[in-house]
Amino acid sequence: MRLSDPVTKIKNVGAARARMLQNMGIFTVEDILEFFPRRYEDRSEVKTIDELEENAENTFKAVIAKTPENVHVRKMVITRAELADETGHIMAVWYNQGYLKNALKMGEKYIFTGTVSRKYSRIEITSPEFEKLDSEILGAGRIVPVYALTKGMSQKVLRGMIKSTIENISEQLPEFLPKKIRMEYKLCDRNFAIMNIHFPESDDKFFIARHRLVFEELFLLQTALFKFKQNYNKPDVGLVFKKINNIIPVCEKALGFSFTTAQKKVISDIEKDVCCGNTMNRLVQGDVGSGKTAVAMAAALLAINSGYQAVIMAPTEVLASQHYESFKQFFDCFNIEVCLLSGSLKKKEKDLAIEKIASGQAKMIIGTHALIQKNVEFFNLGLVITDEQHRFGVRQRTLLSEKGNNPHIMVMTATPIPRTLAIILYGDLDISIIDELPPGRQKIDTRAVNSTYNHRIYTFIRKHLDAGHQAYIVCPIIEESDSIDAKAVMTLVDEIAGTEFRDYSVGILHGKMKNDEKNKVMTEFAEGKIQVLVSTTVIEVGINVPNATIMLIENAERFGLSQLHQLRGRVGRGKDASYCILVTDSKGKVTRERMKIMQKTNDGFEIAETDLKLRGPGEFFGTMQHGLPQLKIANLYKDAQTLKESQSAARKLLKEDRELKKDENALLAERIVKMFSSVEKIGI
Ligand code: ADP
Ligand code: MG
C-alpha cells in the first residue's frame, strides 16, 4: 500500500466506508495517517464507581443498569439513567437531550466522563460525555486514541483501519522538516511521530511523537505567515509623514472629548512609526468601547496632512456607514473630503466614489470589502487601516495594502486575541494596547438565567424603555428550524411584539435582509425610533448606540465567550448603567464556566484567555476565522512553549533562505502550499 492510494485499498474499506471517510476529509492513505486523535483515554485514570471524586471530573466504565427514562419538567426534558459497576451505582442526568433515552442501551457498557456531585445522600453525574466501550480497544500503552467521528463510524472500526494501514504501508512518510531544525530542536522523524501518535508504544514515545507534530504544525503556519508578510513588509524606508504640532488638542477639539491616557500613548506610538521613516505595521488592540476609532482618525489626519490618502476598511455595511458619519464629522472640521465606498451604493454613486479615490480628490476613504475590488485604484495611498481585523482574512488585508506603494498599516481589533494566538498571527507586528476605557463607563452588570425568567426579564426591559432607554435582544438563528433547537429572531418577534412589548416599537435585523433595509433599521434604532432591536449577531461588531442599555442574549450557550463579550460591548457605551442578560437552559459544565466568567469580569483579555482554556484539547482555537488553517494537533494554550520555539526556528530559516528556494527546503515549501490550500478554497 502506498501513501497516495485511495482509502479503498485499506482492508475492510468499501464504498460505504470510503464515503464516511470522505465526510471526515479523508481520501487517501496518507490522509488517514494524518487524521490525528482528538483526545486520548488515559486508562490509568479510569476509576471505579466507589472511587469517584465529588465535584471533580471523573472517568469511569459502567453498564446501564436500567432502561433510561425521560422526565418532562416545564419545557425541559430530563434523561436519567442508572449506571453500575461491580463497586456501586450512580445516577446520570442529561438535560434537553431526550434522544439519549434510546441511544443508551440497557446492559451495555460505556465509558463516561463528567463532573460528579452529591444530591442529598446520593451521587450523581451531570451531562457526562460517553462512548460505547468496544470489546477490545486497540493500543498497547495506557494511552488510547479517541478520534472525532462522523455518523455511522465507530472508534473501533476507525482504529482498526488505521492500525491496518500502519501495518501494511510499504513506504515511509516523507520528512519535510530540514535536518538542521530537527537536530537543533530535538525532534523525532515524521514516520516515527505518525505511528506513535495513533498507537504509542509507550508514554514516552507518545510525548516525543506529539511534540514533533505540534512543532511541525506551528512551524509550518508561522513560516507561511512570515513569508506572506515579507511581500509587503519591505525592509526599505517607509513613507515619512509630517508631524502635527499639538496633534492631541487639535484632534480633541474636533472630537469634542479628551483622549484617555491610553489613547494618547497609542497615538504617540503611531507618530513614532509614521513620522520617522519606519514602515508602520501595528496592531491596535483595545477592548470594546475603548475608543479605537478616534485613534484611527488621528492617524489618518497625519497621513492626509502630509498629502496622502488614508483608508479604513470595515467588515460590514452598517459599520462602514457608521464610520462614515463619524469620520465626516471629524474631517469636516479640517475641510477634508471623506468618501464612502460600499457594496450597497447605487452604481452611479459607486462610480463617482471610485473616480474621486483615483483622482485623489477623496482624501479619507471609508469602505467595506468593496475597496479591494480590482477597479478601485488609489491616487496615493499612505495609510491603510483595517477595523475589526479578525473579520478579515490575511489575504484581504494584504490586497488592500497592495493598493498603495508600501503604505503604513494599522489593524484594529476589539476581539482580544489571546497572547499566544497574537504571536502566531502577528509574530513581527508591533502591538499597542488601549487598556483603559473613557471616563464614566461602568461595569456592565451581567446575569445568567434560565428561560423560566422570561417574564421577569421583559418587565425589567420595559422599565428601562419607559425610562427612555433601548434594548437589544440577540438570537442565534433567524428562523425556526427542526434541526437546531434554538430561539429564532422571527419566532421571538412573533411572541413579544403583540404581547409583552405591544406598546413599544420592535425592530428586526438579520443577515438575510438587504443592505438598505439593514441600514434603515440601524438608523431608526440609532435615532431612538426603534426601542427594542431583535437581531442575530450581525450587530456584533462595532455598532455604537449609547442610549441602548440592555443586551439580552438567548441561547447564550451557543456563542463563544469572545462573541458574548463583543455582543455585551454594544451596551454600556453611554453614561447610564447597563445590563447584559444571558439566557441559557444548558447545564453543561463548559457553559456554566462560561457564564461564570462573563458574570465575574468585563475584561476582554481575561475572557479570551479563559476561552482558550475552556476549549478542550481537540476542539482547538477557531483559527479559521482569522484566515488560518484549522490546527489539527497543537493547542495554543498548552503548547505555548513549543509555539515560541517553532517561531524562532521559522525566523531563522527564512533569514537563511527567504524564498525557500534551497533544495533542502523544497519539500517544506510544497507542504506549506498544501496546508494553506484548504483556506484558499473557502475564499479567504
Ligand atoms: P471601539 O474601540 O469599540 O471601536 P469606539 O471608537 O466606537 O470604540 O468608541 C466608543 C465610544 O466612545 C464612541 O462613542 C466614542 O465617540 C467614545 N469615545 C472614544 N474615546 C473617548 C474619550 N476619550 N472620551 C469620551 N468618549 C470617547
Ligand atoms: Mg470599533
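Residues of segment 313-328 that are near ligand 2 (Cβ under 10 Å from one of its atoms), among the aliphatic types (A, V, I, L, M) and outside any loop (DSSP other than H, G, I, E, B): L319 alone. Considering segment 467-481, and only residues there that are at pLDDT 95 or above and not in a loop (DSSP other than H, G, I, E, B), the residue that is farthest from F559 (Cα to Cα) turns out to be Q470.
Would you point out which residue out of I357, I385 is under 23 Å from N405 (Cβ atoms), within 16 Å of ligand 2 (Cβ to nearest atom) and not assigned by TED's automatic domain parsing to the domain that holds T537? Reasoning before the result, please.
Working: I357 fails: within 16 Å of ligand 2 (Cβ to nearest atom).
I385 is the lone residue from the list that is under 23 Å from N405 (Cβ atoms), within 16 Å of ligand 2 (Cβ to nearest atom) and not assigned by TED's automatic domain parsing to the domain that holds T537.
When you scan segment 129-138, do you find a residue that is acidic (D, E), at pLDDT 85 or above and either assigned by TED's automatic domain parsing to the domain that holds E54 or farther than 30 Å from L667 by Cα (or both), even just one?
If we filter segment 129-138 for residues that are acidic (D, E), which is where we start, we get 129, 131, 134, 136.
Subsequent filtering for residues that are at pLDDT 85 or above retains none.
Among the residues of segment 129-138, not one is acidic (D, E), at pLDDT 85 or above and either assigned by TED's automatic domain parsing to the domain that holds E54 or farther than 30 Å from L667 by Cα (or both), which makes the answer no.
Is segment 69-83 home to any residue that is touching a residue at least 40 places away in the same chain (Cβ under 8 Å), crowded, with 16+ Cβ neighbours inside 10 Å and not hydrophobic (A, V, I, L, M, F, W, C)? Scanning segment 69-83 turns up no residue that is touching a residue at least 40 places away in the same chain (Cβ under 8 Å), crowded, with 16+ Cβ neighbours inside 10 Å and not hydrophobic (A, V, I, L, M, F, W, C).
Among the conditions (1) touching a helix residue (DSSP H, G or I) at 6+ places or on another chain (Cβ under 9 Å); (2) within 16 Å of ligand 2 (Cβ to nearest atom); (3) over 25 Å from G343 (Cβ atoms), V571 misses just one, which is (1). The residue pairs whose first member lies in segment 250-274 and is without any contact (Cβ under 8 Å) to a residue 60 or more places away in the chain, whose second member is crowded, with 16+ Cβ neighbours inside 10 Å and charged (D, E, K, R), and whose beta carbons are closer than 9 Å, counting only pairs six or more residues apart or on different chains, are S258/E252; F259/E252.
Output the residues belonging to segment 531-553 that are part of a loop (DSSP other than H, G, I, E, B), touching a helix residue (DSSP H, G or I) at 6+ places or on another chain (Cβ under 8 Å) and open to solvent by 10 Å² or more (accessible area, probe 1.4 Å).
Q531, T536, E540, G542, N544
Residues in segment 589-604 that are crowded, with 17+ Cβ neighbours inside 10 Å and hydrophobic (A, V, I, L, M, F, W, C): M595, I597, M598.
Residues checked against (1) buried (at least 17 other Cβ atoms within 10 Å of the Cβ); (2) within 18 Å of K644 (Cβ to Cβ); (3) touching a Gly at 6+ places or on another chain (Cβ under 6 Å):
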| site | (1), (2), (3) |
| --- | --- |
| L158 | yes, no, no |
| M161 | yes, no, no |
| Q172 | no, no, no |
| K179 | no, no, no |
| K186 | no, yes, no |
| P200 | yes, no, yes |
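The set of residues from segment 113-132 being assigned to a strand (DSSP E or B) and either among the hydrophobic types (A, V, I, L, M, F, W, C) or free of Cβ contacts under 8 Å to residues at least 40 places away in the same chain (or both) comprises V116, K119, R122, I123, E124, I125, P128, E129, F130, E131, K132. Only a single criterion out of (1) modelled with pLDDT under 90; (2) touching a His at 6+ places or on another chain (Cβ under 9 Å) is not satisfied by V489, namely (1).
With respect to G569, determine if the residue is in contact (Cβ under 8 Å) with a residue 40 or more places away in the chain, in contact with a Lys or Arg (Cβ under 9 Å, 6 or more places away or on another chain) and under 28 Å from K613 (Cβ atoms). For G569, the condition - in contact (Cβ under 8 Å) with a residue 40 or more places away in the chain, in contact with a Lys or Arg (Cβ under 9 Å, 6 or more places away or on another chain) and under 28 Å from K613 (Cβ atoms) - is not met. Candidates in segment 299-310 are the residues that are in a helix (DSSP H, G or I) and under 12 Å from I385 (Cα atoms); of these, the one that is farthest from ligand 2 (Cβ to nearest atom) is A303.
The values are calculated or read from the model by the stated rules, or taken from the named source; none is laboratory data. Keep in mind that what you see is a predicted model, and the values were worked out from it rather than measured. Glycine gets a Cβ as well: all are built from the backbone with ideal geometry, and neighbour counts include every protein chain shown. In case anyone asks, the SASA skips ligands and DNA or RNA and just uses the protein heavy atoms, side chains included. Shrake-Rupley method; radii C 1.70, N 1.55, O 1.52, S 1.80 Å.
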